[in-house]
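Structure first, then comments.
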Amino acid sequence: MSRAVSDVDARQGAYRAPDAEGYFGPYGGAFVPETVVPALEELARAFASRDDAFRQRLAVLLRDYVGRPTPLYLAQRLAKATGLARVYLKREDLAHTGAHKINNTLGQCLLAQHMGKRRVIAETGAGQHGVATATACALLGLDCAVFMGVEDIRRQSLNVYKMRLLGAEVIPVEEGGGTLADAVTAALRHWVERVEDTFYCIGSAVGPHPYPLIVREFQSVIGEEIIAQLDGRGAGRVDAVVACVGGGSNSIGTFYPFVSGIEASERPLLVGVEAAGLGLDTDRTGASITVGSPGVMHGFYSYLLQDEAGDPKEAYSISAGLDYPGVGPEHAFLHDEGLVRYEAVTDAEALQAFMLLTRTEGIIPAVESSHALALLPRLAAELGPDATVVVTVSGRGDKDIDIVREAGL
């Protein structure tokens, strides 16, 4: 499983990944049945063949349908409450459907249309990817089916209703813990059976190559906009950029333009925030990088929560979008190379941050995003009161009101 790490020279700031086989250093690849290989190769060819017309159509949809660029908001009361000079919030919660997921689903569903696939399937945990996929399919006239664990269906009933309103079939997954990992397994199994007529729209930066690359490319609009918006307002030096990490789509979209386009000496501290759940010393956690180890799951090699036999363990987080027992392979590579730092935040810390942003700025964030927000006091203690921090607010908290209410807040 060992591979030469030649994708990056952190000292020079050069970054090139993945390689032709889909590896980010030792991580990634395509560990799939032979029957799926032709479908992945077809997808890779279609993605590589995107022309100016495709890019222009996507750009127009992102602008006029999604509402991009999303604002970069200076949260002055939040900054004061957390001991920082300035906190900027990248407002992905204001994108159509309420999260960053629509950036990726529009791109992938346009690919499906380009490839002549009339049926699209997806997996979802928090429901935001499912809603975004159903939305893109409704817009483009594609059939849609979304696999969702029964526990997540219970936790995210509003998003389930939205998917059905949009015309999608929601397929309950009862295996395992009934959460995101089980939905991915079920969707992959179904796709193996129907690769000829079905496009699998993966929601995070995971899965076999070329999916981590595709998701990164469609989500990189987040980081590209942050850089342009900071430059446009003459914001000066930014000390840190923070995003939550489950599988890792909003975070890789935030970080990649900084890693690939800014020299190491000028680059801010990049911090990915995992879900510690009930604690890193418990079995109720979702912090794959922090406490996991490398292994294979869902067609790729990366850090996983796994038992002694190498089987994935059930992850846990109060946020349905972060309880995945693995992390995208590019995140694993960025961690090992020291290009991004990864920390973990507990349920309790995330809920406290949820309330803090709500009460100081009138913005109700997703519980997933609240994990990133919870890091602000730590960064204030580390970087000092003159520091400037950017946080990607990956989604809005409408879907999480019942979860927060059940937690007693």
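The values are calculated or read from the model by the stated rules, or taken from the named source; none is laboratory data. Please read all numbers here as calculations on a predicted model, not as lab measurements. Here Cβ is always computed from backbone atoms with ideal geometry, including for glycine, and neighbour counts include all displayed protein chains.
The one condition from (1) farther than 21 Å from D152 by Cβ; (2) surrounded by fewer than 24 Cβ atoms within 10 Å (Cβ to Cβ) that D402 does not meet is (1). Looking only at the stretch 51-68, filter to residues that are surrounded by fewer than 19 Cβ atoms within 10 Å (Cβ to Cβ) and either in contact (Cβ under 8 Å) with a residue 60 or more places away in the chain or closer than 25 Å to V389 by Cα (or both); which one of those is farthest from the chain's Cα centre (by Cα)? Per the stated criteria, the residue is F54.
Restricting Y316, Y301 to residues that are assigned to a loop (DSSP other than H, G, I, E, B) and either of a type outside the set (G, A, S) or modelled with pLDDT under 95 (or both) narrows the list to Y316.
How about the stretch 324-359: which of its residues are part of a helix (DSSP H, G or I) and small (G, A, S)?
First, the residues of the stretch 324-359 that are part of a helix (DSSP H, G or I): 329-336, 347-359.
Across the stretch 324-359, the qualifying residues are A332, A348, A350, A353.
Taking (1) farther than 16 Å from D400 by Cβ; (2) surrounded by fewer than 24 Cβ atoms within 10 Å (Cβ to Cβ); (3) not basic (K, R); (4) not assigned by TED's automatic domain parsing to the domain that holds A366 in turn, A85 satisfies each apart from (4). Residues in the stretch 380-409 that are part of a loop (DSSP other than H, G, I, E, B), farther than 20 Å from L74 by Cβ and more than 22 Å from the chain's Cα centre (by Cα): A407, G408, L409. In the stretch 121-160, of all residues being touching a Lys or Arg at 6+ places or on another chain (Cβ under 7 Å) and part of a loop (DSSP other than H, G, I, E, B), the one that is farthest from F199 (Cα to Cα) corresponds to Q156. Going through (1) closer than 22 Å to G321 by Cβ; (2) surrounded by fewer than 24 Cβ atoms within 10 Å (Cβ to Cβ) one by one, I202 falls short only on (2). Just one residue in the set A183, A205, A228 is in a helix (DSSP H, G or I) and closer than 30 Å to R154 by Cα; that residue is A183.
Residues in the stretch 169-204 that are without any contact (Cβ under 8 Å) to a residue 60 or more places away in the chain and of a type in the set (V, I, T) were compared, and the one that is nearest to G246 (Cα to Cα) is V173.
With the requirement that a residue be among the aliphatic types (A, V, I, L, M), over 17 Å from the mean Cα position of the chain (by Cα) and over 26 Å from I214 (Cα atoms), what does the stretch 310-349 give you? Within the stretch 310-349, A348 is the sole residue that qualifies. Comparison of V273, V259, V238 shows that the only residue that is in a loop (DSSP other than H, G, I, E, B) and either touching a strand residue (DSSP E or B) at 6+ places or on another chain (Cβ under 6 Å) or polar (S, T, N, Q) (or both) is V238. Taken over the stretch 314-370, residues that are in contact with a helix residue (DSSP H, G or I) (Cβ under 7 Å, 6 or more places away or on another chain), of a type in the set (S, T, Y) and over 24 Å from G203 (Cα atoms) amount to 1.
Of all residues in the stretch 156-181, those satisfying the criterion of being more than 22 Å from A366 (Cα to Cα) and crowded, with 22+ Cβ neighbours inside 10 Å are A168, V173. Number of residues in the stretch 356-379 that are surrounded by fewer than 24 Cβ atoms within 10 Å (Cβ to Cβ) and under 25 Å from the mean Cα position of the chain (by Cα) equals 9.
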